[in-house]
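The values are calculated or read from the model by the stated rules, or taken from the named source; none is laboratory data. For clarity, every value in this text was computed on a predicted model and none was experimentally measured. Note that each Cβ is placed from the backbone with ideal geometry, even for glycine, and that neighbours are counted across all protein chains shown.
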Amino acid sequence: MVTMVSEREAKVIPGEPELPGNAIFVNRTPCSCGTKKVPCLLLQFVLYAVGTALLANLMFAAFALFGGASLGSGSVERLAASPAFLAANAAASLVVGLVSVWLAARFLDHRPFSEFGIHPKDPGWWLDLGFGLFLGALLMTGVFLVELQLGWIQVTGTFETVGTVHAPFFPTILAPAVLFLCVGIYEELFSRGYQLQNMAEGLNFPSLGERGAVVVAWVISSSLFGLLHLANPNATVISTVNIAFAGLLLGTGYVLTGRLAIPIGLHITWNFFQGNVFGFPVSGLKPLGATFISIEQGGPPLWTGDIFGPEAGLLEIVAAVTGGLLVLLWVRVRSGNVVPQTSIAEPPSGETGSTKAPDSG
């Protein structure tokens, strides 16, 4: 593929002849610049969508067969809504997500998988993950306490199972925990790790520069994140805009660190505490499996999000802004500066034989 660079930005790759002084194009991988990135993004999405659909149908058939479910009298609907099935389906989606990104990285981007922001061998990565987990729990606890203080919710029970007759709270609560663990990983790998990085690399023109490309890609990928939730139950224009705003919050940790640790941790506990600790709907979906606290929702829908859950209310915006500021503070304390990581917009390290690493600004 070709990437437009200025005369100053043209770099000599070891082992290759030096380009003429007036050259403004260099050959790169098949997916590197501008619209040439679109096929890569679409192909990875198709790989993920087709793989997820196939595995979901196979798992549905397996659950129906071994669970003895018939195809009538609402059995299919009950099976599709069962926490165990949803957790297993999420685990399958995680596997498909990892494989689809690896295949795209290997054959489309020619990029090492580690460059998508997952660094399990780095102790600092786990520290950031812990902060993300804490932050998601903190923000959703804040939403709950505000609504409780204002009388917008009423606690109706504790340690209850949802839609499952005579099922014990434990281990039922493990199903949504597994579900949101998997969702947090594969959605962040897909939306931030793959999409945002490829968009940033494709937008890395001299007119924008690397930092500008990262910021624009951050906004675009967050907007797509909101649109992908438009088909959720009870979704509205407001909920879609709010989830795009949540995408900006999730992307902040990645843009400032070049790692997915903060977004993954934040995403996991944001969802789990929202639905299965405090009993709110999660992106329009009712709580599954069991909840530590059961509630009855009231208050002004504009602020609470009503039946879609907090993500459709103005309180979510307040929480997202607060969370973004806390991420900025965390990154400032950890690294000493707060700037977009230009390494996100750089071409794959395989082109130069070096290993990309988050820059220090």
Original post:
Can you pull out the residues in segment 305-326 that are assigned to a helix (DSSP H, G or I) and either touching a Leu at 6+ places or on another chain (Cβ under 7 Å) or not assigned by TED's automatic domain parsing to the domain that holds residue 171 (or both)?
Top reply: 314, 319, 320, 322, 323, 324, 326
**OP:** Select from segment 184-212 the residues that are under 19 Å from residue 339 (Cβ atoms) and assigned to a helix (DSSP H, G or I) and list them in ascending order.
**Re:** 192, 196, 197, 199, 200, 201, 209, 210, 211, 212
Original post:
What number of residues in segment 161-202 are over 16 Å from the mean Cα position of the chain (by Cα), of a type outside the set (Gly, Ala, Ser), at pLDDT 90 or above and closer than 25 Å to residue 101 by Cα?
Top reply: 1
**OP:** Check whether at least one residue in segment 213-222 is outside any helix (DSSP H, G or I), assigned by TED's automatic domain parsing to the domain that holds residue 314 and surrounded by 20 or more Cβ atoms within 10 Å (Cβ to Cβ), and report yes or no.
**Re:** no
**OP:** Please identify the pairs in which a residue from segment 326-342 that is farther than 14 Å from residue 214 by Cβ and modelled with pLDDT under 95 has its Cβ atom under 9 Å from the Cβ atom of a residue that is exposed (fewer than 14 other Cβ atoms within 10 Å of the Cβ) and charged (D, E, K, R), counting only partners at least 6 apart or on another chain.
**Re:** none
Subject >> Subset tally (residues that are more than 14 Å from the chain's Cα centre (by Cα) and either surrounded by fewer than 24 Cβ atoms within 10 Å (Cβ to Cβ) or over 27 Å from residue 175 (Cβ atoms) (or both)) for segment 236-257 >> reply: 7
Subject >> Meets criteria (under 15 Å from residue 139 (Cα atoms) and either acidic (Asp, Glu) or free of Cβ contacts under 8 Å to residues at least 60 places away in the same chain (or both)) for residue 275 >> reply: no
**OP:** Give me the pairs, please: first residue somewhere in segment 118-138 and within 17 Å of residue 331 (Cα to Cα), second residue anywhere and β-branched (Val, Ile, Thr), beta-carbon distance under 6 Å, and either six or more positions apart or on two chains.
**Re:** 128/262; 132/262; 133/269; 136/269
**OP:** Name every residue in segment 104-144 that is in contact with a Phe, Trp or Tyr (Cβ under 6 Å, 6 or more places away or on another chain) and under 30 Å from residue 301 (Cα atoms), in order of residue number.
**Re:** 136, 137, 140, 144
Subject >> Failed condition for residue 137, given (1) crowded, with 22+ Cβ neighbours inside 10 Å; (2) under 20 Å from the mean Cα position of the chain (by Cα); (3) assigned by TED's automatic domain parsing to the domain that holds residue 326 >> reply: (1)
Original post:
Quick one: in segment 97-121, which of the residues that are among the charged types (D, E, K, R) and crowded, with 17+ Cβ neighbours inside 10 Å is nearest to residue 189 (Cα to Cα)?
Top reply: 115
Original post:
Name the residues in segment 218-262 that are of a type in the set (Phe, Trp, Tyr) and closer than 20 Å to residue 314 by Cα, would you?
Top reply: 225, 245
**OP:** State whether the residues of segment 122-134 include one that is closer than 22 Å to residue 251 by Cβ, crowded, with 23+ Cβ neighbours inside 10 Å and touching a Cys at 6+ places or on another chain (Cβ under 8 Å).
**Re:** no
Original post:
Among the residues of segment 227-246, how many are touching a Gly at 6+ places or on another chain (Cβ under 6 Å), assigned to a helix (DSSP H, G or I) and not β-branched (Val, Ile, Thr)?
Top reply: 1
Subject >> Close pairs (9 angstrom Cβ cut-off, 6 or more residues apart or separate chains): outside the structural domain of residue 181 (by TED's automatic domain parsing) and without any contact (Cβ under 8 Å) to a residue 12 or more places away in the chain in segment 247-268, surrounded by fewer than 24 Cβ atoms within 10 Å (Cβ to Cβ) and not in a loop (DSSP other than H, G, I, E, B) anywhere >> reply: none
**OP:** Please list, ordered by first then second residue, the pairs with beta carbon atoms under 7 Å, 6 or more apart or interchain, first in segment 214-242 and in contact (Cβ under 8 Å) with a residue 40 or more places away in the chain, second surrounded by fewer than 18 Cβ atoms within 10 Å (Cβ to Cβ).
**Re:** 232/285; 233/285; 234/307; 242/317
